[in-house]
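Data block below; observations after.
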Amino acid sequence: MKSYSNQRKVSLFFRYLLLTILAILWLIPIFWIVLASFSYNDTGFISTFFPEKWTFQNYIGIFTNSQFPYLHWIINTLLVAIISATLSTFFQISVAYVLSRLRFRLRKPFLQIALVLGMFPGFMSMIALYYILKGLNMLNLGGLILVYVGGAGLGFYVAKGFFDTIPRSLDEAAELDGATKWQVFTKIGLPLSKPMIVYTALTTFMAPWVDFIFSGIILSTLGDPKTYTIAYGLYNMLSSSKGSATTYFAQFVAGCVITAIPITILFVIMQKFYVSGITAGVDNG
């Protein structure tokens with residue numbers, strides 16, 4: 001018995017040691033980016049871990065730089081992310097609820113086809129999407145929102161797993177009392193699925209916030225920096241002209257730190273709902 005107890009302690013020690021090492025390795029780049037954003041640098045890339053000279057000029061410069069309108073990028077990205085997250089969450093939750101609670105012809109084939117389509121990365125369709133939006137004259141923020149929302153329905157599997165855990169007897173009792181399918185969905189399904197709604201909203205909000213591929217393909221055609229999102233705008237800051245990578249690198253780092261703040265705050269506030277949502281959805285999917 002004592003030997004088993006000692007083995008357990010040793011096992012726990014090495015597990016926590018491994019987790020501590022992984023946490024340190026994961027946090028070092030984050031600390032470096034934050035420290036680099038406060039580093040005074042007029043020669044190019046930052047080569048030291050701790051700033052040799054501290055300054056807030058990088059944060060001031062990112063907002064006052066007339067060539068790269070960072071504030072417009074934030075507003076554009078926030079607008080796209082909020083609209084996309086709202087519509088995508090509604091579509092995902094609706095599709096997941098229907099496939100979980102209702103039974104109809106071709107339901108199983110649809111689940112199988114959706115699973116196969118979900119295995120292909122979305123950027124494989126970016127050329128086709130570009131020409132479709134070009135034909136519709138929608139190479140703008142509206143077209144970008146359509147791209148993010150268009151495939152939202154295929155991300156229903158985690159939410160479906162969550163709805164599968166809700167007792168079907170609740171639906172049947174409500175229907176016996178005269179409730180319609182829509183009333184069952186809005187009065188019973190949605191209130192009981194708050195963790196999944198939060199999880200879905202967070203994931204669909206993050207996608208536009210950090211996306212570079214689709215925003216770069218769709219918005220680069222206009223050539224107007226004021227229409228860019230944060231990810232593509234920051235990339236353009238370092239690649240717009242020769243020497244810009246070294247000239248604006250410190251401001252670029254400051255912009256990255258500012259970009260990470262909203263996502264970090266959202267995760268801290270909604271962590272409880274996020275973890276419970278993804279756990280229930282995956283475990284029962």
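A compact table of results
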item	result
Total lysine pairs whose alpha carbons fall under 26 Å of each other in the chain (8 or more apart, or interchain)	11
Inter-probe distance in nm under a simple model that places probes 7 Å from Cα toward Cβ, at S239 and I21	3.6
The stretch 1-84: trypsin sites (Lys or Arg not before Pro) in DSSP coil with no more than 10 other Cβ atoms inside 10 Å	K53
The stretch 214-223 - phi-based ³J(HN,Hα) in whole Hz, Karplus 6.51/-1.76/1.60, Gly and Pro as x	5, 5, x, 5, 7, 8, 5, 5, 5, x
Exposed chymotrypsin sites (Phe, Trp or Tyr not before Pro) absent - longest run of the chain, DSSP non-H/G/I/E/B, at most 15 other C-beta within 10 Å	105-211
Extension gain (nm, one decimal) between K187 and I258, 0.36 nm per residue minus Cα-Cα	21.7 nm
Kirkwood hydrodynamic radius of the stretch 24-80, Cα pairs, Å	13.1
Trypsin sites (Lys or Arg not before Pro) lying in DSSP loop within the stretch 71-152, provided at most 15 other Cβ fall within 10 Å	R103, R105
Sequence-separation-based contact order of the stretch 19-95, relative, with Cα cut under 8 Å and 6+ spacing, percent	18
Per residue, the convex hull volume that the Cα atoms of the stretch 56-205 enclose (Å³)	168
Spherically averaged projected area in nm², based on the convex hull that wraps the Cα atoms of the stretch 148-257	9.7
Virtual spin-label span in nm between I28 and S5, 7 Å along Cα→Cβ	3.8
Net dipole in debye of the stretch 1-147 [+1 Lys, Arg Cβ; -1 Asp, Glu Cβ; about Cα centre; nearest 20]	1180
Fluctuation leader among S169, S37, S239 - the chain, Gaussian network, Cα springs under 10 angstrom	S169
Separation in nanometres of the label points that stand 7 Å from Cα toward Cβ, at V210 and L136	2.7
Rounded if a/c under 1.5, otherwise prolate or oblate - the chain, Cα gyration tensor axes	oblate
Gyration tensor verdict on the stretch 1-132 (Cα atoms; rounded if a/c is under 1.5, prolate if a/b is larger than b/c, oblate otherwise)	oblate
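Read the figures in this text as sums done on the coordinates, not as results from a lab. Bear in mind the structure is a predicted one, so any value in this text is a computation, not a measurement. Because the Cβ atoms are built from the backbone with ideal geometry, glycine has one as well, and the counts that use them run over all protein chains shown.
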